[in-house]
Amino acid sequence: MRSIAAFLVLSAALACSACSSRPRSFAPQLAAPASDPQAFDAAWMRCRAEVAARTDQRTGRFGSAAAGAAAGTGASLAVGAATAGTYATYGGAAAAVGATIIAAPIALVGGAWGLSKIKKTKKEKAIKAATAQCMTAAGYPVRDWRVLRKREARAIDAAAAQKPHG
């Protein structure tokens, strides 16, 4: 029984390590159409590069997964302890512990997923705010944002990598 529980907890911990808190890519929607699309594209690429240089998007993935797993574990143990305390017989307590062991991996994954989503949203808001400030300073006030498809984001990143830096 203990080996099954250990296997479930280890599986959940490994699954949580795949939780991504990496923000999505966004394209600015301007308040008014850009009069010079090439200048707008250049300003957007410059702002993207500046914001990317100031923010490290890949850090903390394991930290957020571990924090979520810990939160889920704490919640499941608290529920299991409260449930076990309400049963007077050994059989009832054993059933409550068994239910806690089964629910613990679900709580681990759920806690890690929830915290990674919170972290991802926070990063996205910060990136959009910094990019909007940069674009406004360049003369392109941002009205709204559009989520880029992964293919679009990869194409933009590849085009930006091919341009000479000067």
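What full-extension length gain, to one decimal in nm, is calculated for R143 and A53 as 0.36 nm per residue of separation minus the Cα-Cα distance? Display every interim value, and only then the final one.
Values: separation 90, 0.36 × 90 = 32.40 nm, distance 2.37 nm.
Gain on extension, R143 to A53, equals 30.0 nm.
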Problem - Approximate spin-label separation D41-E152, in nm, with each point projected 7 Å along Cα-to-Cβ - result: 1.5
Completion exercise
Once both label points are put 7 Å beyond Cα along the C-beta direction, the A129-I4 separation in nm becomes 4.9
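Once you order the gyration tensor axes a ≥ b ≥ c over the Cα atoms, which shape class does the stretch 112-166 get: rounded for a/c under 1.5, otherwise prolate or oblate by comparing a/b with b/c?
Details: a/c = 2.20, a/b = 1.30, b/c = 1.70.
Since a/c reaches 1.5 but b/c is at least a/b, the shape of the stretch 112-166 is classed as oblate.
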Completion exercise
Taking S25, S35 and counting other beta carbon atoms within 10 angstrom, the fewest-first order is S35, S25
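Which pairs break 22 Å Cα to Cα here: K119/K150; K122/K150; K125/K163? Kindly include the intermediate steps, with their values, before the conclusion.
Numbers: K119/K150 20 Å; K122/K150 20 Å; K125/K163 28 Å.
Pairs exceeding 22 Å: K125/K163.
Rule-based calculations on the coordinates, nothing more; no lab input. Everything numeric in this text was worked out from a predicted model, so none of it was measured. Please note: Cβ atoms are built from the backbone with ideal geometry, for glycine as well, and neighbour counts cover all protein chains shown.
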